[in-house]
Every structure is written in structure tokens, then in C-alpha cells.
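First up is the structure itself, then whatever we jot down about it.
The values are calculated or read from the model by the stated rules, or taken from the named source; none is laboratory data. None of these values were measured; they are calculated from a predicted model. Note that we place each Cβ from the backbone using ideal geometry, even for glycine, and neighbour counts take in every protein chain shown.
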Amino acid sequence: MIVKPIELAKYPFLPEAAVYIKEQQVNIIEFLSSSSGRFVVMDCRDMIIRSLQHGVITPEPIETDDKSILMNTLKYPIMRILLSAVNNQYITTRACSDYAELMNKYLVEDRHEIRSYILSVLDMPTDAMSIAQYVPLSVGLVKSDPKWKLINRTVVKGIVSIDKDEIYYLLRERITKQIRQKIPTPVNKQILEIIKPVCDQILQSWKGSAPSGPVMPGKYPPCIKHIIATINDGENVSHPARFTLATFMHGIGMSEIEIAQLFMYGDCDVSKTQYQLNHITRDNEYVCPGCSTLLTNNVCIHKDKLCEKINHPLNYYRRKKSL
């Protein structure tokens, strides 16, 4: 399989990308100190900060000239260097997930040959996979939709069936794991000195990414208000709705005890709820799903005019608080 140069820029985790960069004889310290290098660093910084702020990831056309291809391919190792230097698990999780989502969006529209090749490189079958392979990839997906739970899948002799439209969800998780490999990795002291101001900006953005000030229920998005009202009426709510409520409230700074109290009016098991909240807010730091995921899981409801301009429940809350 011959991978085109433009495809190295789109999918820089491919082994051919590392060979390409080596062939260009790039001295990373000299590059980071150059104007082109600073541009790439700033671009990577913006991608990471946008991930923390739940911004929309939109694939942009990549120019086909040699310089553009090299700079876009170098974003991958430089992103990994920045994340290693920052060394924050939450930031790494968000950034790698969104970077994988960007690559996945390119891939859906790309030629069949490169899609097949990437599936092969990542050892990803298209219609079924072993339990051992499926479970690690589905862990994050289970939190937003119980259909990914192994108990809800068709399993025959240790093989899990995968629908055609599901493979790209699992592929995104696989690419995320590929990107996260060996992060953090040791960073040269000279490189650390060059990128320290940028790392400080990323950390400052992370500290300021959560909505500040007192919790204001009147500013909740319609979907969150609906979930709370449903629970208060004593009705059962879906797993995706519970997960959305818990992660949203955690995202705006509510304590675990306060979040647990929101579920008291429903059919909840107190000890089970507390265990799940610990898992969400302490062990893994899951984040609230975006509007597109909520729409898919039938959690998006009673949309208002502001919803049309918003891509994430936390962005809705921030915008409302600022009005």
C-alpha cells in the first residue's frame, strides 16, 4: 500500500509518517525555534485549548505543497511533546480524544484503500472482534450509551458482532489509544525551555475551563432541566441521561454529595449512585457529552433558540451566565 503524502498529514500516527519526518532530517529543537515551528506549536496549543472548551472539531483542507504536508505531519509529535510536558491526565484525555475525532472525520470521507489500510494497521476488523479486543475499546462508549455493554451485544464463541455503522466509533477509540501511547514521555530540557510558555497557557486554560462562581439552576440548558424534572416526578430516566446529568453537574463545579441529591427523588439506589459518581468524577474524570451525542441518545429535548448556536451543554451554561 502506497500512502500519499497528503494522507501522512491527515493520519500522522501511521508508521510511514515517522519515516517521512526522518527523511526530512528535521532537527526538532531547531524547528521549534523557527517561525514555522512556532506556528505549529501555537496551532497545537489552540487544538488542545479548544478541546478543553468543548469546541467543534472541523476538518480543514490541507494544502498539498511540501511545506504544508510537513508542518501538518509534525503536529502529531509536537502535540505529544506538549501533552507530555504538561503531564495532566485530564488534558491528555480530552486532547487525544478530539484529535482522534478529527482524524476519524477525515477518514470517513477518504478513499476506500486508505480506510482499509488504516483498519489493517490498527488491527481493526470490520464486522466482528474478540471480547479481549472489544472491551477496552468500548469502555468510553458504554458511558454514553448502554448498547455498547458486552451484555447487550451478540457474542458467539468469544466473538462480538459489530454493525457496519458502528465500526467508526470503535475506530475512533482505537486511534485515541494509538495517540495516547507513551504519553507522558521524557522531554528534552532544551525543548522544555522553548515550550514552557505554551504549556503554562494550556494549564491556565484548563484551570479556567470550568464555569466559575455559584451554581445557577436557571441557566441550565433545556436538556438538563428536563432530566431533573423527570427525576423529580419520580420517573425513570435513561442511562445516557443520568450520565449526562452527573457529568454536567460535575463540570459546573457541583460536589458529589450535591449531585447525588439530585437523584434522590427517582428510583435510585443510594450506594450504587455514589459508587457511579465516584467512578465518573474521581477515577476517570469523564466529561459531559456534546450536543450531537445527546441528540443521538435522545437526551436532547426542548431545544430553544440559544441551542441552535451551541454545540455543548457546558457552553450553553457559560453563555447564559454571561448574558
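Checked against the criterion of being in the same structural domain as Met103 (by TED's automatic domain parsing) and touching a Phe, Trp or Tyr at 6+ places or on another chain (Cβ under 7 Å), region 29-41 contains one or more residues that satisfy it. Among the residues making up region 265-307, those that are over 15 Å from Phe248 (Cβ atoms), modelled with pLDDT under 80, not in a helix (DSSP H, G or I) and not polar (S, T, N, Q) are Tyr265, Gly266, Asp267, Cys268, Asp269. Cβ-Cβ contacts under 8 Å between residues 6 or more apart (or on different chains), taken from a first residue in region 1-27 that is more than 24 Å from Lys177 (Cβ to Cβ) and modelled with pLDDT of 95 or more to a second residue that is crowded, with 20+ Cβ neighbours inside 10 Å and not hydrophobic (A, V, I, L, M, F, W, C), are absent. If I filter region 70-83 for residues that are in a loop (DSSP other than H, G, I, E, B) and either loosely packed, with under 15 Cβ neighbours inside 10 Å or at pLDDT 95 or above (or both), do I get at least one hit? Scanning region 70-83 turns up no residue that is in a loop (DSSP other than H, G, I, E, B) and either loosely packed, with under 15 Cβ neighbours inside 10 Å or at pLDDT 95 or above (or both).
So which residues in region 135-152 are surrounded by 17 or more Cβ atoms within 10 Å (Cβ to Cβ) and either small (Gly, Ala, Ser) or more than 23 Å from Cys288 (Cα to Cα) (or both), if there are any at all? Spell out the reasoning first.
First, the residues of region 135-152 that are surrounded by 17 or more Cβ atoms within 10 Å (Cβ to Cβ): 137-138, 140-141, 143-145, 148.
Ser138, Gly140, Ser144 - these are the residues of region 135-152 that are surrounded by 17 or more Cβ atoms within 10 Å (Cβ to Cβ) and either small (Gly, Ala, Ser) or more than 23 Å from Cys288 (Cα to Cα) (or both).
One line per residue, one yes/no per condition, for (1) part of a helix (DSSP H, G or I); (2) not assigned by TED's automatic domain parsing to the domain that holds Ser97:
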{"residue": "Met129", "(1), (2)": "no, yes"}
{"residue": "Val135", "(1), (2)": "yes, yes"}
{"residue": "Ser138", "(1), (2)": "yes, yes"}
{"residue": "Ser144", "(1), (2)": "no, yes"}
{"residue": "Lys147", "(1), (2)": "yes, yes"}
{"residue": "Ile167", "(1), (2)": "yes, yes"}
{"residue": "Arg172", "(1), (2)": "yes, yes"}
{"residue": "Lys177", "(1), (2)": "yes, yes"}
{"residue": "Pro186", "(1), (2)": "no, no"}
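For region 110-119, residues that are free of Cβ contacts under 8 Å to residues at least 12 places away in the same chain and part of a helix (DSSP H, G or I) total 3.
Given the condition modelled with pLDDT of 85 or more and of a type in the set (Val, Ile, Thr), answer yes or no: does some residue in region 308-317 qualify?
Of the residues in region 308-317, the ones modelled with pLDDT of 85 or more are 308-317.
Filter once more, keeping what is of a type in the set (Val, Ile, Thr): 310.
Yes, there is a match, as at least one residue in region 308-317 is modelled with pLDDT of 85 or more and of a type in the set (Val, Ile, Thr).
For Asp123, the conditions (1) of a type outside the set (A, V, I, L, M); (2) over 22 Å from the mean Cα position of the chain (by Cα); (3) assigned to a loop (DSSP other than H, G, I, E, B) all hold with the exception of (2).
When Thr93 is tested against (1) in a helix (DSSP H, G or I); (2) over 24 Å from Lys177 (Cβ atoms); (3) of a type outside the set (D, E, K, R), only condition (2) is not met. Candidates are the residues of region 149-165 that are out of contact with any helix residue (DSSP H, G or I) (no Cβ under 9 Å at 6 or more places or on another chain) and in a helix (DSSP H, G or I); the one that is nearest to Phe243 (Cα to Cα) is Ile151. Under the condition of being assigned to a helix (DSSP H, G or I) and either at pLDDT below 85 or buried (at least 19 other Cβ atoms within 10 Å of the Cβ) (or both), the residues counted in region 229-264 number 21. Here Pro221 fulfils each of the conditions (1) under 20 Å from Gln53 (Cβ atoms); (2) touching a Pro at 6+ places or on another chain (Cβ under 8 Å); (3) not assigned by TED's automatic domain parsing to the domain that holds Ile310; (4) not hydrophobic (A, V, I, L, M, F, W, C) apart from (3).
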